Amino acid sequence: MGEAGTPPVAIIMGSQSDWPTMQRAAAMLDKLNVAYDARIVSAHRTPDRLVEFARGAADEGFKVVIAGAGGAAHLPGMVASMTHLPVLGVPVQSKALSGQDSLLSIVQMPAGIPVGTLAIGEAGAANAGLLAAAILATSDEALAERLQAFRAEQTASVAERPS
Ligand code: RP5
C-alpha cells in the first residue's frame, strides 16, 4: 500500500466497455497479490477527471499507472504528460479497426513523455499487470518471489508434446 492505504497500481480506462479487457490486468494483479484501484477516466468525455487523476496520482500514493483505451486512445499519453509515474498503455481492441487505431494512438509518443505500450487487447492487459508487478518487485522482495513462482508454474504447465 502507498500513502494513506492507496494501492500501488491504478488501472484506468476510457470507458466501461474497456473493463472486460482491463480485467485481465486486474486478474494478474490479483494472482500476484498486488492491490489496485480501477477507475473510468476518459480523455474525451471526462477531461477534468483525467487532469485531476493524473496530477494527483503520485501524491495519492500510486506507484504505477495502467491505462487502457481504444480508438482515438489519448488517455495513456495525456496521463503520462501530467505525472512522472510509469504509465503502461494498453490498446483496447476497437470494433472499427481491430485496435490498430488504439495501438498507433498510444505507441507513437514524442520523445520526452514515455508510455510503455503493450500488445492490443487481452494479452496486452494481462502483460500490463505483469509488468506493473515487475516494476514494483524491484523494491519488494516478496513480490519478486511471487513473480518468479508464477513464471515457474507457467513453465511447468507447458506440455512437451501436444495432446
Ligand atoms: C474510448 O472509446 C474508450 O477507451 C473505448 O475503448 C472506446 C469506445 O467507448 P464506448 O463508446 O464503448 O464508451 O474512449
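The numbers here are math on the coordinates, done by the rules we state, and not lab data. Because the structure is a prediction, the values reported are computed rather than measured. All Cβ positions, glycine included, derive from the backbone under ideal geometry; neighbour counts span all protein chains shown.
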Derived scalar couplings ³J(HN,Hα) [region 153-163; Karplus, 6.51 cos²θ - 1.76 cosθ + 1.60; whole Hz; x for Gly, Pro]:
5, 5, 4, 5, 7, 8, 5, 6, 10, x, 8
Normalised by the residues of the chain, what does the relative contact order come to in percent, with Cα pairs under 8 Å and at least six apart?
23
Run lengths n ≥ 4 of DSSP H only: what is the helix-derived mean residue ellipticity at 222 nm for the chain, with -39500 (n - 2.57) per run over all residues, to the nearest 500?
-14000 deg cm²/dmol
Per residue of region 36-50, what does 6.51 cos²θ - 1.76 cosθ + 1.60 with θ = phi - 60° give for ³J(HN,Hα)? Whole Hz please, x for Gly and Pro, Karplus curve as stated.
8, 10, 9, 9, 8, 9, 9, 5, 9, 8, 10, x, 5, 5, 4
How far apart, in nm, are two points set 7 Å out from the Cα along the Cα-to-Cβ line at Val51 and at Ala142?
4.0
Counting only residues 5 or more places away or on other chains, whose amide H sits under 5 Å from the amide H of Gln93 once H atoms are built in the peptide plane?
Gly121
Among 145-153, 67-75, how do they line up by average Cβ neighbours within 10 Å per residue, starting with the highest?
67-75, 145-153
Once you have the Cα-Cα distance between Ser157 and Ile113, take 0.36 nm times their residue separation minus that, and quote the gain in nm to one decimal.
12.0 nm
Could you state, as a whole-number percent, how many of the C-alpha pairs of the chain are farther apart than 19 Å?
52
Ranked from fewest to most other Cβ atoms within 10 Å of their own Cβ, Val51, Val9 fall in the order Val51, Val9
